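**Student:** Handing you a structure now.
Coordinate-derived values only; no laboratory data. If you're wondering where the values come from, they're calculated on a predicted model, not measured in any experiment. Positions of Cβ are backbone-derived with ideal geometry, glycine not excepted, and every protein chain shown enters the neighbour counts.
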Amino acid sequence: MKKQSLLLLLISVFAITSYFWMNSYQPAYAMHIMEGFLPVGWALFWWALTIPFLFVGFRSIQKKLKENPQLKTLLALSGAFAFILSALKIPSVTGSTSHPTGVGLGTILFGPAVMTVLGTIVLLFQSLLLAHGGLTTLGANAFSMAVAGPMITYVVFKAAQSIKLSFSISVFLAAFIGGLATYVVTSLQLALAFPAEIGGVLASFVKFSSVFALTQIPLSISEGLLTVIVMNVIRNYHLAELSVLNLPTTKEAHKA
């Protein structure tokens, strides 16, 4: 049974990754907002908003790992999951691209503060190693994908659990809505920096968000399904860690 679950996970990851890869053939210059695309004032503004969340996140990671060192494996897995998914890009609008975010898994496991740090590290490595995004726009990209996305993901997950939805449905909704929320924030960031001559920020926001929606809705649905698959595998093989994190395992679900 365990071998079958692992095989299913590998096949699912391969299939969805192949789908993303085949649809990313067009040339793109950045992931999220590319280097130098934002005016200096806005770039600094988003950095200023993001930095406090990073401090809180670092303290949260230190506390969790000090109390439970065995969580390092799941922490690394969460970061790797976000890196791989968010590296699969599909060109969407000038200066930005549409892609899965991968922050849902780590957010549900560790909370939004921890995912802020992991997401920012992911974006930093991608800007340095893959030329996706940039250092000047890292604050803006981190705020959308590593701050706003995880916070909304966490709120949706907790809300779904509070109304007694199943764990898998809660995970799907959280990852799906969190992925969409990232692009709502990105659209707002671009709209604030580049308001339309007619209609201002609102018209620009409608333009950016409508173009993003064409690719991001199906991507977010796929990301939600993949997050559920990976989470269910974790629930089978990391019982002790999930117990520490106060998350249900598949054995507990069967008992219930």
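**Student:** Along each of its three principal axes, how wide is the spread of alpha-carbon positions in the range 35-88, in whole angstrom units, largest first?
**Tutor:** Largest first, the range 35-88 extends 43, 28, 9 Å along its Cα principal axes.
**Student:** Rg (Å, one decimal) plus Dmax (Å, integer) for the alpha carbons of the range 195-237?
**Tutor:** 17.3, 55
**Student:** Next question. For the range 158-217, count all C-alpha to C-alpha pairs, find those more than 13 Å apart, and express that count as a whole percent of the total. Kindly include the intermediate steps, with their values, before the conclusion.
**Tutor:** Values: 1124 of 1770 pairs.
Percent of Cα pairs beyond 13 Å in the range 158-217: 64.
**Student:** Counting other Cβ atoms within 10 Å of each Cβ, which trypsin sites (Lys or Arg not before Pro) in the range 154-246 have at most 16 and sit in a DSSP loop? Mind dumping the intermediate values first?
**Tutor:** Working: sites: 158, 164, 207, 235; in loops: 164.
Sites meeting the loop and neighbour criteria: 164.
**Student:** Largest first and in whole Å, give the semi-axes of the range 139-246's equivalent ellipsoid, each being the square root of 5 times a Cα gyration tensor eigenvalue.
**Tutor:** Details: eigenvalues 212, 35, 27 Å².
Working from the Cα gyration tensor, I get semi-axes of 33, 13, 12 Å.
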